[in-house]
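Below is one structure, written out as structure tokens; comments come after it.
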Amino acid sequence: MKGNKLKKISVLVLLAAWTVLAGASPAPEKNKKDQKKFTEYKSQHKKRGDVHGTSFDLPQAMVYEGIIQAFANLELTVNKEYRALGYLEGGHSRGISAERVITWVDPEGPRRWRVEVRNIRASRMGLIGALTTKDWSHELLAEIENVLADKPTLEQLQARVAEKPDSIDLRRQLAEMEVQFDMDDEAVAEYQALLQRHPDSLRDRLSCAELLLQHDRLAEAETLFAAAEMKDPATVLRLSRVCLQRENTDHALNLLNPLAESHPQDMRIRFELGRACFFSGDLERAKSLFGGIVTEAPQHAFAQYAGHWQKIIAAVESAGLDAPGTQRLIGEELHEEALNSLARKHLTAAWNGLPTGAEKYKSGCLVTEICVDQEAYDDIVAMVQPLVAELKKAKQGDMLLHLALAYCHQRDFVKARETAKAAKKAGCKDAKILESALKYYI
């Protein structure tokens, strides 16, 4: 009898606790009747367990941004993410309980990506706590589909352009999607077709020119430049930076010289011109322009950068332009100014020329960081893979992390996890998160 009484009391206590918890924390919302249901299945990656999923014929970057937007729309926080891996983790806290949502983006075809979602409930109150938490799988996937619903596929865009060949918006969308699918030749052709119908579209002229310059098609880019009226200072500055990154210094000067004449007090223009003069070899003019900024406007935002270039010019005059130390200074400054394509060239020269030590490793780390940003993962593997033993010994965990991310992009998850472990041992804190995430891919 005492045992039965105890059981009844336990049940009443549980019910009372449930009532209190239900009042303190809202019960999970039931799925709306019209909300789409997603079939649960076992993922091909066994460690993920049972998941829900859906697929999209869209670029991976577009799908990933859709997931981030869906998290925001549902007020779920994003706590961990690795774009190279296609991994995103976040959730929602309810006091003593928490809902953890893991999302993966995996290739399913040449231009098709699958999103898988797993919801994990955690609570210090056992079953009662679990009952007060919510499974977000269906709602999150439905919101992702809702966010991406108005994004046409490549084939749909091609069909719409065929129906409305004069539509500037449709042609632009098609070209931009082709770039995301690494279909650069097709994108250039689409921009050129657009410009034949809309020759005054400076935005698309510049986008096409930038794409041509990325592939060293300088003559075609020059033709596009010549056909545009360069009156807007912001547009000229943008284009001059592109030219500088592609080491087309003469054209950068042709753009900046008349702009500086018409805007003599604009410190930004004078700074950009000084930098172009430096890379053209005209150190005296560059020194004069940078010195003028520092003297006339010491509090201006570009005065600090101008001061850095004064030090670089001094290094060139004392040690020479090709000295590894000078190349390091140039590369670090270009990286600071977000001119990463040009920075990578100089930092690579520093990496190859500097003796083993802190300065060399800093240059190498910046090179691989830029490669991650540019998704030049094969270059990371070629540069870092032969030096893994050296980097482990030197405690260069960040470079090892960048190599692990390169392996993630290559979908070699075993090597990626081994390298992430090595990066963690070498002192890279972020590597622990990556190592943990990779268990779901092996």
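Gain on full extension, evaluated as 0.36 nm per residue between Ile120 and Asp185 minus their Cα-Cα distance, stands at 19.0 nm.
When restricted to Cα atoms, the chain yields an Rg and a Dmax of 27.8, 101 Å, respectively. What do you get for GluC sites (Glu not before Pro) in the range 126-227 restricted to DSSP loop and a cutoff of at most 14 other Cβ within 10 Å of the site's Cβ? In loop regions of the range 126-227 (DSSP not H, G, I, E or B), there are no sparsely surrounded GluC sites (Glu not before Pro). Here the range 208-289 is treated as a Stokes sphere of Kirkwood radius computed over C-alpha pairs; at 10 °C and 1.306 mPa s its diffusion coefficient rounds to 124 µm²/s. Cα-based radius of gyration for the range 192-337, normalised by 2.2 N^0.38 Å, reads 1.12.
Assuming charge only on the beta carbon of Lys and Arg (+1) and of Asp and Glu (-1), the dipole of the chain about its Cα centre is about 3480 debye to the nearest 20.
The phi torsions of the range 79-93, fed into the Karplus equation with coefficients 6.51, -1.76 and 1.60 and a -60° offset, translate into couplings of 9, 9, 7, 9, 5, 4, 8, x, 10, 9, 10, x, x, 8, 10 Hz, rounded to whole numbers, with Gly and Pro shown as x.
Our summary gives the chain a relative contact order of 9 percent, counting only alpha carbon pairs under 8 angstrom and 6 or more residues apart. Helices meeting the span-like rule in the chain (full DSSP H runs, Cα extent of at least 30 Å along the helix axis, mean Kyte-Doolittle score of 0.5 or higher): 2-24. Only helices enter the 222 nm calculation for the chain: every DSSP H run of n ≥ 4 contributes -39,500 (n - 2.57), and dividing by all residues gives -20000 deg cm²/dmol, rounded to 500. Applying a threshold of 22 Å to the alpha-carbon distances of Lys362/Lys439; Lys395/Lys432; Lys393/Lys429; Lys360/Lys415; Lys311/Lys393 flags Lys362/Lys439; Lys360/Lys415; Lys311/Lys393 as lying beyond it.
Read the figures in this text as sums done on the coordinates, not as results from a lab. Since the model is a prediction, treat every value here as computed from it, not as a measurement. We place every Cβ from the backbone using ideal geometry, glycine too, and count neighbours over all the protein chains shown.
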